[in-house]
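The values are calculated or read from the model by the stated rules, or taken from the named source; none is laboratory data. Source: prediction; values computed, not measured. Positions of Cβ are generated from backbone atoms using ideal geometry, with glycine treated the same way; all protein chains shown enter the neighbour counts. Note: areas computed on protein heavy atoms with side chains; ligands, DNA, RNA excluded. Shrake-Rupley method; radii C 1.70, N 1.55, O 1.52, S 1.80 Å.
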Amino acid sequence: MASAIETRPISSSSNLSSVKILAESPGLISIPSKYAHQSTNTHFTTASVQEDFPQASIPIIDFSFLSSTDSEQRLKAIQELGKACQDWGFFMVVNHGIPERLIKAVIEVVDEFFNLPEEEKMEYETKHVLDPIRYGTSFNASKEQTFFWRDYLKVLVHPHFHSPNNPKHFSELMMEYCQRTRDLASKLVGGISQSLGLEEDYIHKNLELESSQQIFIANYYPPCPQPELAMGMPPHSDHGLLTVLLQNGVGGLQIRHGGKWVNVNALPNSFLVNTGDHLEIFSNGRYKSVLHRAVVNNKAKRISIAVANGPAMDTNVGPCPRLLVRQKNEEGDHQEGTEIEAKYNAMKYREYVELQQGNQLDVWSSLIFKNNAVLLQKEADIQIPEMESNNVRSNQLQQDEPELKSSRMKRILLVLNCVMLGLGNCGGPLVQRLYFVKGGKRIWLSCWLQTAGWPVLVFPILASYAYRRNKQNGDPVKLCSIKPRLFLSCAVIGVLTGVDDYLAAYGVSRLPVTTSALVIATQLAFTAAFAFLLVRQKFTHFTINAIFLLSVGAVVLAFHSSNDRPAHESNLQYYIGFFMTLGASALYGFVLPLMELTCRKAKQVMTYSLVMEMQLVISLFATGFCTIGMLINHDFQALSREASAYELGEGSYYTTLIFSAILWQLFFLGAIGVTFLSSALLSGIVIATLLPVTESLAVVFFHERFRSEKGISLTLSLWGFLSYFYGEIQGLKKTKSKTKRGNPDSIASV
Ligand SMILES: O=C(O)CCC(=O)C(=O)O
Ligand SMILES: [Fe+2]
């Protein structure tokens with residue numbers, strides 16, 4: 001119904017899947033780039049300047065007064081109706097007489113329709129705007145660069161009734177509901193006709209409402225993880241005469257009023273009604289067809305049902321001739337009877353719909369707006385949305401995220417990040433331990449090295465920048481996209497990481513690698529707990545089992561840990577080392593979900609280049625924190641002394657430091673990458689399950705003892721690891737069968 005072009009089926013060449021499937025994909029924390037609108041366009045996002053949208057107190061029309069036998073009451077209601085159409089173009093109808101049980105049942109059955117298997121709904125994917133039943137997604141997916149967070153079902157219900165076969169009772173309920181709303185619209189049109197000074201049945205007869213075109217449109221907006229970047233439905237006006245809108249109690253409609261977007265919420269058991277383009281044309285612009293849009297939220301699904309009531313398809317609609325003659329006004333206008341200029345050309349309703357929805361906007365506007373001033377006035381309030389969506393807009397996301405175009409690419413990146421995390425996870429503690437074993441004593445230096453490798457990040461960031469520049473054919477592309485709010489969050493995480501590095505470095509200096517690595521495995525339990533608290537991580541039996549096994553593994557080790565105490569260390573030193581490592585584990589278990597939360601709350605589109613920028617800022621602040629520690633401890637001055645006393649020689653000393661820095665950088669970049677591409681929990685799982693490799697390497701390189709408790713712990717870790725991945729594979733299979741016909745690209749869990 002809306003004034004745009006919804007000609008494209010859901011699964012055409014670009015494989016656009018339903019947004020419902022996308023929203024239900026496990027672990028979706030940010031929206032795919034193709035759903036994120038430019039924050040510079042205030043009409044397409046809510047993230048920009050106007051943060052709080054006032055609540056509109058739109059006029060309320062008591063329908064019972066319109067059909068009152070008391071002529072005075074009726075006249076008053078008609079005047080109020082006319083004023084509502086003139087000043088607002090939107091009003092709320094109460095006491096309409098449509099039973100509440102019918103309203104509830106229709107919403108429920110629409111919900112059931114969207115819950116049908118994708119294959120079944122796909123039967124209704126169609127090509128032509130006037131096909132009787134159409135199921136689709138977004139708004140005008142064939143023309144849009146950026147999609148809308150909405151699935152829809154459109155059914156032509158009058159003069160010929162159509163309906164999907166399923167769900168059961170859909171057809172019956174829809175027929176009754178459409179009949180009742182058609183009667184409602186017809187009575188309102190009668191009142192509007194009178195409010196224009198015409199007979200009650202004037203519009204009815206002249207626009208042939210006996211065979212009026214009625215369209216049932218159900219809109220489904222699932223919860224969206226980044227609602228401020230997405231939009232459910234773009235600004236548009238509705239064609240036809242009156243649209244009767246119902247919603248499932250979840251707000252989201254905004255209308256353009258007084259140059260602002262304002263929220264409109266309906267009273268319980270009321271309808272929202274808006275005047276359409278053809279009432280504007282018919283009244284020669286006296287009644288406005290107002291722009292409106294639907295915003296989305298991250299909490300509850302929203303369903304809206306818009307029933308559009310238009311003239312008969314083949315009716316010619318132009319300004320009403322009787323309204324083009326000046327009426328005598330209250331002051332006794334002496335120009336009474338003179339002609340008023342028609343602002344619009346007449347056009348068949350069918351042609352209007354086809355031209356407008358067929359996207360020939362230039363032709364359409366020149367045909368419809370006889371008076372160019374009307375068009376200009378419309379454009380002045382807001383850039384007409386069709387123009388926006390039809391023109392190829394340079395989209396911030398396409399600039400930012402060329403590398404995440406396909407799900408294959410995402411999977412490759414995820415594997416790459418797991419490998420980096422693995423290398424860092426095994427190599428980092430080993431090289432750090434090497435430093436201490438061969439004569440290094442500087443804890444602050446060792447901790448500084450955990451993040452001081454940040455300059456290596458400059459290369460991939462530059463490479464991504466060069467790639468984007470190349471792609472944009474000379475259009476301006478930003479080197480850094482991080483915004484102040486995200487920068488600040490990363491700075492805080494950086495300082496926490498610095499503290500964490502110190503705790504971990506202290507632990508590594510005191511404990512054998514085998515012990516410290518297994519204590520670090522408790523991090524998974526911390527990660528899981530914080531992930532639940534901070535990001536509402538969902539757990540399956542398999543993940544719970546994995547977390548339990550991995551944690552028990554670490555505890556088994558902890559009970560026997562004193563057996564491991566190196567000969568030269570006191571009990572106290574050993575225990576301090578043990579608890580410092582545990583503290584590091586808890587803190588990092590907190591930092592990972594915190595990063596996930598930061599990614600979710602960032603009012604920015606998350607891209608992989610942005611993740612690298614975030615890691616750079618985190619490392620920078622962590623390094624700054626540790627530099628202070630080094631300065632206080634005079635570590636810089638001690639460097640050359642320590643190098644010359646290093647057991648493996650001076651050259652190897654510096655090599656050890658450099659490798660340590662690089663390996664830790666891989667660890668952190670891998671961890672944040674896996675968190676962004678999947679979840680904090682997966683990062684924790686990878687860290688915990690790579691223990692066997694670290695264990696074996698430590699036994700090989702440092703000839704550490706491999707005692708029975710380590711064997712038990714190791715077995716439990718492996719078991720936990722297998723349990724987690726088995727669960728993941730099961731989950732993936734389920735999702736795949738759900739989305740057989742959907743597009744893996746849109747499954748943004750990776
Ligand atoms: O979902 C809404 O509130 C708006 C729906 C709408 O404007 C339409 O379907 O034309
Ligand atoms: Fe609409």
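A few points about this structure:
- Within the stretch 200-230, being more than 13 Å from ligand 2 (Cβ to nearest atom) and aliphatic (A, V, I, L, M) holds for Ile203, Leu207, Leu209, Leu229, Ala230.
- Tally of residues being within 10 Å of ligand 1 (Cβ to nearest atom) and open to solvent by less than 10 Å² (accessible area, probe 1.4 Å) across the stretch 293-310: 9
- Condition met for Leu229 (assigned to a loop (DSSP other than H, G, I, E, B), aliphatic (A, V, I, L, M) and touching a Phe, Trp or Tyr at 6+ places or on another chain (Cβ under 9 Å)): yes
- Candidate set: the stretch 194-220, residues that are surrounded by 23 or more Cβ atoms within 10 Å (Cβ to Cβ) and part of a strand (DSSP E or B); chosen: the one nearest to ligand 1 (Cβ to nearest atom): Asn219
- Number of the exception - Val307 against (1) farther than 20 Å from Leu156 by Cβ; (2) at pLDDT 90 or above; (3) among the β-branched types (Val, Ile, Thr): (1)
- Pairs meeting the criteria (first residue in the stretch 243-261 and closer than 19 Å to Ile103 by Cα and away from ligand 2 (no atom under 15 Å from the Cβ), second residue β-branched (Val, Ile, Thr) and open to solvent by less than 10 Å² (accessible area, probe 1.4 Å), beta carbons under 7 Å, at least 6 apart or on different chains) are Asn248/Ile303.
- Sole exception among (1) within 13 Å of ligand 2 (Cβ to nearest atom); (2) open to solvent by 10 Å² or more (accessible area, probe 1.4 Å); (3) within 20 Å of Cys85 (Cβ to Cβ) for Met233, by number: (3)
- Exactly one residue among Ala638, Ala671, Ala645 is open to solvent by less than 10 Å² (accessible area, probe 1.4 Å) and either among the charged types (D, E, K, R) or more than 29 Å from Leu592 (Cα to Cα) (or both), and that residue is Ala638.
- Whichever residue in the stretch 243-278 is touching a helix residue (DSSP H, G or I) at 6+ places or on another chain (Cβ under 6 Å) and within 12 Å of ligand 1 (Cβ to nearest atom) and, among such residues, is least open to solvent (accessible area, probe 1.4 Å): Val244
- Here Lys288 does not fit the description of being away from ligand 2 (no atom under 11 Å from the Cβ) and within 29 Å of the chain's Cα centre (by Cα).
- Residues of the stretch 422-468 that turn out to be closer than 15 Å to Asp635 by Cβ and of a type in the set (Gly, Ala, Ser), as a count: 4
- Residue tally, condition within 9 Å of ligand 1 (Cβ to nearest atom) and of a type in the set (A, V, I, L, M, F, W, C), over the stretch 221-242: 1
- Candidates in the stretch 546-569 are the residues that are modelled with pLDDT of 70 or more and open to solvent by less than 60 Å² (accessible area, probe 1.4 Å); of these, the one that is farthest from the chain's Cα centre (by Cα) is Val556.
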